[in-house]
Amino acid sequence: MSSKLSNKIAIVTGAASGIGKEIAVTYAREGARVAIADMNMAAAQAAADELKAGGASAMAVAADVTDENQVNAAVAAVVQAWGGVDILVSNAGIQIVHPLEEFPFAEWKKMLAIHLDGAFLTTKACLPHMYASGRGGSIIYMGSVHSKEASVLKAPYVTAKHGLIGLAKTIAKEGAKHGVRANVICPGFVRTPLVDKQIPEQAKALGMSEDDVIKKVMLKETVDGEFTTVADVAEVALLFASFPSNALTGQSLVVSHGWFMQ
Ligand code: NAD
């Protein structure tokens, strides 16, 4: 068993499902203590229990990442239990699709709140602990190929995911003297509940079959017609979390079967 993250304390938001859950499993496998932070507390608890059953140190913390008090309380609970925080993965996210002219303003604001306010609030809550520990830390934002490219129907998602790159670059500069790095992972389509929900929605909005949405929209530009997997994304999350110096900071890494090439 490798232990690239032994003695590290990680908080992963949105870790009750999908990509976040796999990152939590991967970090636990590498020896980290992992806090599963999610607004779905029952699922978060179940994910933490699974990790504990496998011998890992894990805890579930309830937090809607758009709520400052809940975020602060969740981070405080982790620090109280384990004494600090070394790795933050700001991953919680949702998708809502509409053409721009039909996008309800409330849904636009909800999208920006989850993706951008959530990243800001969790970072703000964790940074003082990373600065105080003298150990530095790693902040990882879950971007998307949509941090680099646009797609129709996804205005707030594309806007927010592009915004995370600006946030990471700023934290990279502010955090450097404390050894805190900030980076963005930019996955292509990954078969999670978030994507499973979009397939019928996009089929309806674009007037296509669900199979065509997968082949002609989601995977059209990949080099091999393959979905990216949660394990692929978790490997990149492990790289960013375990990298030992400020040499790798302020970056965004695309993991998408070549859908987007930099
Ligand atoms: P998912 O639906 O499987 O999991 C998302 C998790 O986030 C859920 O457990 C949900 O309860 C939680 N969550 C949602 N809103 C929250 C909030 N306000 N506060 C706290 N938790 C909240 O989705 P996923 O596909 O694993 O997506 C995770 C991240 O990866 C998102 O940021 C998403 O934009 C990004 N992403 C996904 C894909 C993909 O194809 N699935 C591709 C690129 C980027």
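The table that follows gives values for the structure above.
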| quantity | calculated |
| --- | --- |
| Pairwise centroid distance, computed over Cα atoms, of the stretch 14-74 with the stretch 191-261, Å | 22 |
| Hull-based mean projected area of the chain, where the convex hull spans the alpha carbons, in square nanometres | 13.5 |
| Probe 1.4 Å, accessible area per residue of the stretch 144-225, Å² | 46 |
| Given K110/K161; K110/K215; K21/K154; K8/K161; K109/K173, the pairs whose alpha carbons are separated by over 18 Å | K110/K215; K21/K154; K8/K161; K109/K173 |
| Cβ crowding within 10 Å averaged over residues, with 247-256, 23-32 ranked highest first | 23-32, 247-256 |
| Crossing angle, helix 230-242 versus the chain [Cα axis fit, 0-90 degrees, rounded to tens] | 40 |
| Ordering of 186-199, 130-143 by packing [mean C-beta count within 10 Å, highest first] | 130-143, 186-199 |
| The chain - mean residue ellipticity at 222 nm from DSSP helices (-39,500 (n - 2.57) per run, n ≥ 4, rounded to 500) | -14000 deg cm²/dmol |
| Ranked by how many other beta carbons lie within 10 Å on average, peptides 157-167, 8-18, 33-43, 103-113 from highest | 8-18, 33-43, 157-167, 103-113 |
| Residues E68 and E226, FRET efficiency given R0 of 41 Å [Cβ-Cβ distance, rounded to 0.05] | 0.55 |
| For the stretch 207-251: rounded, prolate or oblate by the Cα gyration tensor [a/c cutoff 1.5] | prolate |
| The chain - percent of accessible surface contributed by carbon and sulfur, probe 1.4 Å | 55 |
| Volume in Å³ per residue [convex hull over Cα atoms, computed for the stretch 18-165] | 110 |
| Heavy-atom SASA rank of K154, K124, K21 (probe 1.4 Å, accessible area, largest first) | K124, K21, K154 |
| Estimated distance in nm for a label pair at V195 and A150, the labels positioned 7 Å out from Cα along Cα-to-Cβ | 2.4 |
| Surface/4 of the Cα convex hull for the stretch 127-262, nm² | 8.6 |
| Degrees, to the nearest 10: 118-133 long Cα axis against longest axis of the chain | 20 |
| Solvent-accessible area per residue for the stretch 27-99 (1.4 angstrom probe, square angstrom) | 40 |
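The values are calculated or read from the model by the stated rules, or taken from the named source; none is laboratory data. Every value quoted in this text rests on a predicted model; they were computed, and no experiment measured them. Backbone-built Cβ (ideal geometry, glycine too); neighbour counts: all protein chains shown. Ligands, DNA and RNA are excluded from the accessible area calculation, which covers all protein heavy atoms including side chains. Shrake-Rupley method; radii C 1.70, N 1.55, O 1.52, S 1.80 Å.
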